[in-house]
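Quick note: the coordinates plus some simple rules give every number you see, no bench work behind them. None of the values given here were measured: they were computed from a predicted structure. Ideal geometry is used to build each Cβ from the backbone, glycine not excepted, and the neighbour counts take in all protein chains shown.
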Amino acid sequence: MNGILINYEYCTGCHSCEVACKKRLGLPEGEFGIKLTETGPFEYAGKAGEGRWEWSWLPVLTKACDLCADRTGKGKMPLCVQHCQAWCMYSGEVSELAAKIDGKTRWALLVPQER
């Protein structure tokens, strides 16, 4: 089973993944194959300096996502991964992606819904 691993500690919220996917799938306005979600900013009381704020971006796969089956079948990356400006997205076999999780930053392992 294939999936996408995202190190959302480094996602900048640039929406490149959304745009690339939307164009590939030819989706109309308001529909997405991958959708960027935003949480924050949240301030943590009792913390000083830069560490007191949290603002995260996390791409989420929608039902339209097929991990670019035509591309991955030829050994290419899904377009969302190829166009990620922060290079914080990885694609591949779920077991191999899970092995990359190091516990030092925040990761999300996403698997598209089977059709």
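Electrostatic bookkeeping for GLY33 treats Lys and Arg as +1 and Asp and Glu as -1; over the other residues with beta carbon under 11 Å from its beta carbon, the sum is +2. Residues HIS15, HIS83, ranked from the fewest to the most other C-beta atoms within 10 Å, line up as HIS15, HIS83.
Of the residues GLY13, GLY75, GLY30, the one that moves most in a GNM of the chain with alpha-carbon contacts below 10 Å is GLY30.
Sorting 36-42, 22-28 by average packing, meaning the other beta carbons within 10 Å per residue, from highest down gives 22-28, 36-42.
Counting other C-beta atoms within 10 Å, which of ILE4, ILE101 has the fewest, and how do the rest follow?
ILE101, ILE4
Among the lysines of the chain, pairs that are 8 or more positions apart or on different chains and have alpha carbons within less than 23 Å of each other number 14. Using the Stokes-Einstein relation with a Kirkwood hydrodynamic radius computed over Cα pairs, the translational diffusion coefficient of the chain at 37 °C and a viscosity of 0.692 mPa s comes to 219 µm²/s.
Think of each Lys and Arg Cβ as +1 and each Asp and Glu Cβ as -1; about the Cα centre, that makes the dipole of the chain roughly 240 debye.
Computed over the chain, the per-residue total of -39500 (n - 2.57) for DSSP H runs of n ≥ 4 gives a 222 nm mean residue ellipticity of -5000 deg cm²/dmol, rounded to 500.
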